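The values are calculated or read from the model by the stated rules, or taken from the named source; none is laboratory data. Keep in mind that what you see is a predicted model, and the values were worked out from it rather than measured. Here the Cβ positions follow ideal geometry from the backbone for every residue, glycine too, while neighbour counts run over all protein chains shown.
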2 protein chains.
Amino acid sequence: MRKAVCLLSGGMDSTTLAYVARDMGYAICGLHMSYGQLTEIKERECARIIAEKLGAVELMEITLEHLLRFGKSSLTDRSLSVGDHDGNGKGIPNTYVPFRNANLLSIATSYAESSGAEAIFIGVQASDYAGYPDCRPEFVEAFQQVIDTGTADNTHIRLMSPFVHLNKTDIIRRGLALGVPYEDTWSCYRSNAPACGRCDSCHYRLQAFREAGVPDPIEYGD
Amino acid sequence: MRKAVCLLSGGMDSTTLAYVARDMGYAICGLHMSYGQLTEIKERECARIIAEKLGAVELMEITLEHLLRFGKSSLTDRSLSVGDHDGNGKGIPNTYVPFRNANLLSIATSYAESSGAEAIFIGVQASDYAGYPDCRPEFVEAFQQVIDTGTADNTHIRLMSPFVHLNKTDIIRRGLALGVPYEDTWSCYRSNAPACGRCDSCHYRLQAFREAGVPDPIEYGD
């Protein structure tokens, strides 16, 4: 059975994507990273439950110290705060973790090359790259070139980001059809539980559930 | 003063390159990674001495767990052994750590973007990419694209690999002119001291010193 490394953050996008990868016939090698983000405990708990429910071959949990040490993001730097969604969303939000996704994809590629996986699935999607440079389609394409040139000539790893042009509502619709347990996913940037309901990530999640016409099964604070 | 992140492995190539970067007028932000390689203790010790002698602004020491956990390289996987240089050098040596340099460059880019550094110096050179895919010029060029697309639009980081077409003899000649203390560098793949003198890395180092017409100041075993 062909293997795929699936980045499993514990969030709704990567979870849905892992279900898509399974539906495509891949055996799932889950990869979860803790990097000092505010909600790392909850995210890891969700990733574990999802890996179990999915029947992943394994869940590789990696702890990174460097993004926390470099700081400069409100997710990792305790001197900054995560703001409420303000609807003006211009520029890069302070939740941007400098070049995080290249770090995650490099780890995923090392894992894939070491374990013989043929693909890497990353759940970047359209509303992300309104703000985050390392979610842009051009970034993902450039990273494929890095994989092709930086791994052995007989290694062939395809970087799969089928959600890159979808919005979160499309993703939920896709996930509901695949039976994704959204009650076991986490999106809030701020809190390990209940979700704050006000940060950008909660805002876009709640909006997507509303648009999809289904209730969001997780608990929100006031 | 413009800042540059210099990957400082403790080896002779990256050390020489850091001296070149300083000579170009950069303030040096040293970045050293321990990833479970056999000689990590000695390499870190060398990187610290070099950073001190160079007058680096800081030395960021990062420990990575994942390359060790993924294994599949004789540098990180205790079930494999580092062979002697055999002169037939075909294909990828088992000292290749899958996609290691992309991991190092991702960390370097996060560090550079977080700290406002304008450049990243990596000491890859011609005899490396005879064997290692993640030392090829095409890889370095592709990574520049990843940096350009995956960081903020007002971030400009130049990936500098001026040794990419030089051999180790050229590098030593350059370093001697800059006063590089080669007695404080380490190349052996196998041993924390004395150097084995027989692995690929010792072989190419010794050959380069012979060709440069100067003695290698470090100690070798029998």
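Brief remarks on what is shown
- Among residues of the stretch B:155-190, those that are more than 17 Å from the chain's Cα centre (by Cα) and either crowded, with 21+ Cβ neighbours inside 10 Å or in contact (Cβ under 8 Å) with a residue 12 or more places away in the chain (or both), counted: 8
- Hits in the stretch B:53-62 - residues which are closer than 22 Å to B:Y182 by Cβ and either within 11 Å of chain A (Cβ to nearest Cβ) or surrounded by fewer than 18 Cβ atoms within 10 Å (Cβ to Cβ) (or both): B:K53, B:G55, B:E61
- Of the helices (runs of 4 or more DSSP H) lying entirely inside the stretch A:88-174, the ones with 2 or more residues being at pLDDT 95 or above and of a type in the set (F, W, Y) are found at A:137-150.
- Residue within the stretch B:25-40 that is surrounded by 18 or more Cβ atoms within 10 Å (Cβ to Cβ), of a type in the set (A, V, I, L, M) and within 19 Å of B:V140 (Cβ to Cβ) present: yes
- When the stretch B:107-160 is limited to residues that are touching a Leu at 6+ places or on another chain (Cβ under 8 Å) and of a type in the set (G, A, S), the one that is farthest from B:I171 (Cα to Cα) turns out to be B:S110.
- Considering the stretch B:206-222, and only residues there that are at pLDDT 95 or above, out of contact with any Phe, Trp or Tyr (no Cβ under 9 Å at 6 or more places or on another chain) and charged (D, E, K, R), the residue that is surrounded by the most Cβ atoms within 10 Å (Cβ to Cβ) turns out to be B:E211.
- Yes/no for A:Y182 being among the aromatic types (F, W, Y), modelled with pLDDT of 95 or more and in contact with a Phe, Trp or Tyr (Cβ under 9 Å, 6 or more places away or on another chain): yes
- For A:E65: the one exception among (1) within 12 Å of chain B (Cβ to nearest Cβ); (2) closer than 19 Å to A:W186 by Cα; (3) surrounded by fewer than 17 Cβ atoms within 10 Å (Cβ to Cβ): (2)
- Just one of the numbered conditions (1) more than 10 Å from chain A (Cβ to nearest Cβ); (2) farther than 21 Å from A:I147 by Cα is not true of B:N154: (1).
- Conditions (1) surrounded by fewer than 18 Cβ atoms within 10 Å (Cβ to Cβ); (2) within 14 Å of another protein chain (Cβ to nearest Cβ); (3) touching a residue at least 24 places away in the same chain (Cβ under 8 Å); (4) under 30 Å from B:D128 (Cα atoms); number of the one not met by A:E118: (2)
- Taken over the stretch B:23-44, residues that are assigned to a helix (DSSP H, G or I) and free of Cβ contacts under 8 Å to residues at least 60 places away in the same chain amount to 2.
A quick yes/no check of all residues on (1) surrounded by fewer than 18 Cβ atoms within 10 Å (Cβ to Cβ); (2) among the β-branched types (V, I, T); (3) under 27 Å from B:S115 (Cα atoms):
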{"residue": "A:L80", "(1), (2), (3)": "yes, no, yes"}
{"residue": "A:D84", "(1), (2), (3)": "yes, no, yes"}
{"residue": "A:Y96", "(1), (2), (3)": "no, no, yes"}
{"residue": "A:Q125", "(1), (2), (3)": "no, no, no"}
{"residue": "A:C135", "(1), (2), (3)": "no, no, yes"}
{"residue": "A:V146", "(1), (2), (3)": "no, yes, yes"}
